[in-house]
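The values are calculated or read from the model by the stated rules, or taken from the named source; none is laboratory data. Since we're looking at a predicted model, the values are computed, not measured. Neighbour counts are summed over all protein chains in view; Cβ atoms, including those assigned to glycine, are modelled from backbone coordinates with ideal geometry. With ligands, DNA and RNA removed, areas are computed over all heavy atoms of the protein, side chains included. Shrake-Rupley method; radii C 1.70, N 1.55, O 1.52, S 1.80 Å.
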Amino acid sequence: MANLILILGDQLTPDLSAFEGADRRYDTIVMAEVHEEASYTKHHKKKLVLLFSAMRHFAQQLEHDGWQVQYQRYHPDNEQQSLEAVVTRLRAELQPEKIITTECGEWRLHNRISQWQGRLGLPVEIRSDTRFIASKQEFARWAEGRKQLRMEHFYREMRRKTGLLMTPDGKPEGGSWNFDADNRRKWSGKPPAPAPFRTEPDAITREVTELVEQHFPDHFGTTEDFHFAVTPEDAQEALDYFIEFALPCFGDYQDAISDTEDWLFHSILSPYINCGLLDPLAVCEAAARAWDAGQAPINAVEGFIRQILGWREFVRGIYWLHMPGYARENRLDNTRALPWFYWTGETKMRCMHKAIDATRRNAYAHHIQRLMVTGNFALLAGIKPEEICDWYLAVYADAYDWVELPNVLGMVMHADGGYLGSKPYASSGKYIHRMSDHCVNCHYKVSKSTEPDACPFNSLYWHFIDRHRDDFESNPRMGMMYRNWDKQKPERREALLTRANYLLKRLEEL
Ligand code: FAD
Ligand code: SF4
C-alpha cells in the first residue's frame, strides 16, 4: 500500500502524526515550496529564507533516513503553483492509495485540504496535530459552558495536566500560580543582555537567500545578517543558549523595552517552535529543569512557561473555536487605514520607529513592542483590524494566522469583544516612558499632551477612552479611567480631543 504523505512548511517535526505507521519502502513524502503559500501575504524575506532553508534541510534528512521524498523547489515558472496542484500531479504519477497529512495550523489551508478528497477523488486522512499540549477538542470541552474564557484558568489546567512546576502534592511550585507582579522591571543597561544566538548560514541557506532576493524583492524586510537556526540541532542549541544566558533575567525584564537592544532577555524561539524545529512541551520542560537545578528563579521560569503552556495554547484554542467568523470581527467599528510608516518605520515617534525598524531588520520584535507600541498605537488610532492583522502576519518570522490573529485582533485590537483580555491594553505615552528609554530620544515630549510637540499617545489615549464610553464604561477594570476623564476640566478635555482629532487626520505625518 503506497501513500502520499504531505508535510507542510511548519510541520518540520520527525515524529509528526502524519509519519505514524508510514513505510519508507512504499510511501512517498511530499514537500513543496509553492507560490501560493509563499505569497498569500508579503512574508518578511527572513521568514521565507528560514522556512525554505529549514524545509530543504528537513527533506535532506528524510532522504538520508531512507525516505522517498518528492520535493518541489520554488521557481516562479513552476507549473504547479499551489499544494493542491503538486498533489494532483503526484497523484497522476504515483497512483497512491491515499494522502495522509497532519491538520494544518491555519483555517484557510485547512479548509482547502478538507475539500481535496472530493476534488481529487482520493481518500485524504487528516490527523491531529499532537505537537500542541491541548487538542482542539480538549480546548473546546474546557471552554464549553464557561461565560468567560480566561487564559489564567486554562493555564492552571495545563499545569495540572503536564505537572510542570507542580509540587508532588499538587501545589504550584514557589507557592503561587503566577509571578507576573515581579516581572515589570525597567532595564537600564544592567545586567547586560546576551547577544542573540547565531547560526552562520550554510550553502543551503545561502542558496535560498539568493532565491528570495531574486524572486521576492518587494516583500517586507531584509535578508541581511540572517542568523536563525534552520535545523532541529541548531534550534536545540538556541534553546540551550537561552536557558543558560537569558532565562535567569527573562522574568525581571519581560516587559522592558530598550532603545538600544533589540532582543533583551527574550528567547527568540517562537520561529522554531511554530515551524516544528522545537517541541513546545520540551521547551517548557527545559525551563522547568533550570528551576529545579537552581539555574533560574521562579518568576523567570514560571513567566516563560506561562507564555507557551498558557498563552500559546490558549490563542490556538480561541482561533479554532471561532474561525472562520473570527477574522471578520470588528466590535469597535474601526475604519482608519494603516499608516504607511508601519512599512517604512519613517515616523518621528521614537518608540514606533525603533519597533518597526527592528522588525524590518530582524523579522522580530518582542512581545511588549508588539503589544504596547505598534499594537497600542493601532488600537488608539482606530485602525481597521484586517489591515493591522495583515501587517503582523507579514512582518514576523513567527507569524502564522492561528497565533497572529487572536493576538492582534483579540489581545491588541479588542475587536472580538474581549476573549483575550478583560480590558483593552490601551495606554498613554506614560507606559512606554515607564518601561523604556525611548522618550528621552524622541521628537515628541511624553510629559505634554495638547501642545504641538506633545506625545501622540497621550491625547489619542483619551480620545479612545472618550469615543468608546459605551463599550467600556461599565467594565469594572475601566471605571477608574472614566472617573479620571470626567474629573478633568471641560477645557482640558476639549483640548485633548482637539489635539487627538488633529492627529487622527494627519496620521501619515506623525
Ligand atoms: P518569549 O518572550 O521568549 O516567549 C516565549 C514563548 O512564548 C514564545 O517563543 C512563544 O512561543 C510563546 N508566546 C509568548 N507570548 C505569546 C502569545 N501571546 N501568543 C502565543 N505565544 C506566545 N507569537 C507568534 O508566535 N506568532 C505571531 O504571529 C505573534 N503575533 C503577535 C502579535 C501581537 C500583536 C502580539 C501582542 C503578540 C504576538 N505573538 C506572536 C506573541 C509573542 O509576541 C511572540 O510569541 C514572542 O514575541 C516571540 O518571541 P520570543 O520567542 O522571544 O518570545
Ligand atoms: Fe513614544 Fe511618545 Fe515616548 Fe515619543 S514621547 S517615544 S511617541 S511614548
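Observations on the structure shown:
- Here the condition is being within 12 Å of ligand 1 (Cβ to nearest atom), under 26 Å from the mean Cα position of the chain (by Cα) and either surrounded by 17 or more Cβ atoms within 10 Å (Cβ to Cβ) or at negative phi (or both); of 431, 425, it holds for 425 alone.
- Positions within the range 453-510 being farther than 25 Å from residue 342 by Cα, touching a Ser or Thr at 6+ places or on another chain (Cβ under 8 Å) and not in a helix (DSSP H, G or I), in sequence order: 475, 477
- Verdict on residue 357 being closer than 30 Å to residue 280 by Cβ, part of a helix (DSSP H, G or I) and of a type in the set (Asp, Glu): yes
- Residue match in the range 386-394 (condition: closer than 24 Å to residue 252 by Cβ, assigned to a helix (DSSP H, G or I), open to solvent by 10 Å² or more (accessible area, probe 1.4 Å) and away from ligand 2 (no atom under 16 Å from the Cβ)): no
- Selection count where residues are of a type in the set (Asp, Glu) and more than 15 Å from ligand 1 (Cβ to nearest atom), scope the range 330-387: 3
- Any hit, the range 444-458, residues being open to solvent by 20 Å² or more (accessible area, probe 1.4 Å), under 29 Å from residue 331 (Cα atoms) and touching a Phe, Trp or Tyr at 6+ places or on another chain (Cβ under 7 Å): no
- Where residue 357 falls short, out of the listed (1) in contact with a helix residue (DSSP H, G or I) (Cβ under 8 Å, 6 or more places away or on another chain); (2) under 26 Å from residue 235 (Cα atoms); (3) within 16 Å of ligand 2 (Cβ to nearest atom); (4) acidic (Asp, Glu): (1)
- Criterion applied to 407, 376 was being modelled with pLDDT of 95 or more and open to solvent by 10 Å² or more (accessible area, probe 1.4 Å), and the one residue passing it is 407.
- Scoring residue 341 on the criteria (1) hydrophobic (A, V, I, L, M, F, W, C); (2) buried (at least 22 other Cβ atoms within 10 Å of the Cβ); (3) within 14 Å of ligand 2 (Cβ to nearest atom) leaves a single failure, condition (2).
- Residue ID - surrounded by the fewest Cβ atoms within 10 Å (Cβ to Cβ), chosen from residues in the range 2-61 that are of a type in the set (S, T, N, Q) and at pLDDT below 95: 39
- Condition met for residue 53 (in contact (Cβ under 8 Å) with a residue 60 or more places away in the chain and more than 26 Å from residue 282 (Cα to Cα)): no
- Only one of 153, 110 that is open to solvent by 30 Å² or more (accessible area, probe 1.4 Å) and within 22 Å of residue 16 (Cα to Cα): 110
- Residues of the range 210-236 classified as over 30 Å from residue 282 (Cα atoms) and not in a loop (DSSP other than H, G, I, E, B), total: 6
- Some residue of the range 481-503 being more than 20 Å from residue 384 (Cβ to Cβ), open to solvent by 80 Å² or more (accessible area, probe 1.4 Å), among the aliphatic types (A, V, I, L, M) and not assigned by TED's automatic domain parsing to the domain that holds residue 105: no
- Close pairs (6 angstrom Cβ cut-off, 6 or more residues apart or separate chains): assigned by TED's automatic domain parsing to the domain that holds residue 353 in the range 437-453, open to solvent by 70 Å² or more (accessible area, probe 1.4 Å) and more than 7 Å from ligand 2 (Cβ to nearest atom) anywhere: 443/348
- Restricting the first member to the range 493-510 and to residues that are touching a residue at least 24 places away in the same chain (Cβ under 8 Å), and the second to residues that are of a type in the set (D, E, K, R) and open to solvent by less than 10 Å² (accessible area, probe 1.4 Å), no beta-carbon pair is closer than 8 Å while six or more apart or on different chains.
- Matching residues in the range 276-298 - criterion: being assigned to a helix (DSSP H, G or I), under 20 Å from the mean Cα position of the chain (by Cα) and in contact (Cβ under 8 Å) with a residue 60 or more places away in the chain: 280, 281, 284
- Filtering the range 260-275 for residues that are assigned to a loop (DSSP other than H, G, I, E, B), surrounded by 20 or more Cβ atoms within 10 Å (Cβ to Cβ), of a type in the set (Val, Ile, Thr) and within 12 Å of ligand 1 (Cβ to nearest atom) leaves a non-empty set.
- Here is the figure for the range 180-209: residues that are open to solvent by 80 Å² or more (accessible area, probe 1.4 Å), part of a loop (DSSP other than H, G, I, E, B) and charged (D, E, K, R) total 6.
- Check on residue 409, touching a His at 6+ places or on another chain (Cβ under 8 Å) and under 16 Å from residue 334 (Cα atoms): no
- Residues of the range 454-491 satisfying the condition of being touching a residue at least 40 places away in the same chain (Cβ under 8 Å), out of contact with any strand residue (DSSP E or B) (no Cβ under 7 Å at 6 or more places or on another chain) and of a type in the set (A, V, I, L, M): 460, 478
- Among the candidates 294, 251, residue that is at pLDDT below 95 and assigned by TED's automatic domain parsing to the domain that holds residue 198: 251
- Residue check for residue 301: surrounded by fewer than 23 Cβ atoms within 10 Å (Cβ to Cβ), more than 16 Å from ligand 2 (Cβ to nearest atom) and touching a residue at least 40 places away in the same chain (Cβ under 8 Å): no
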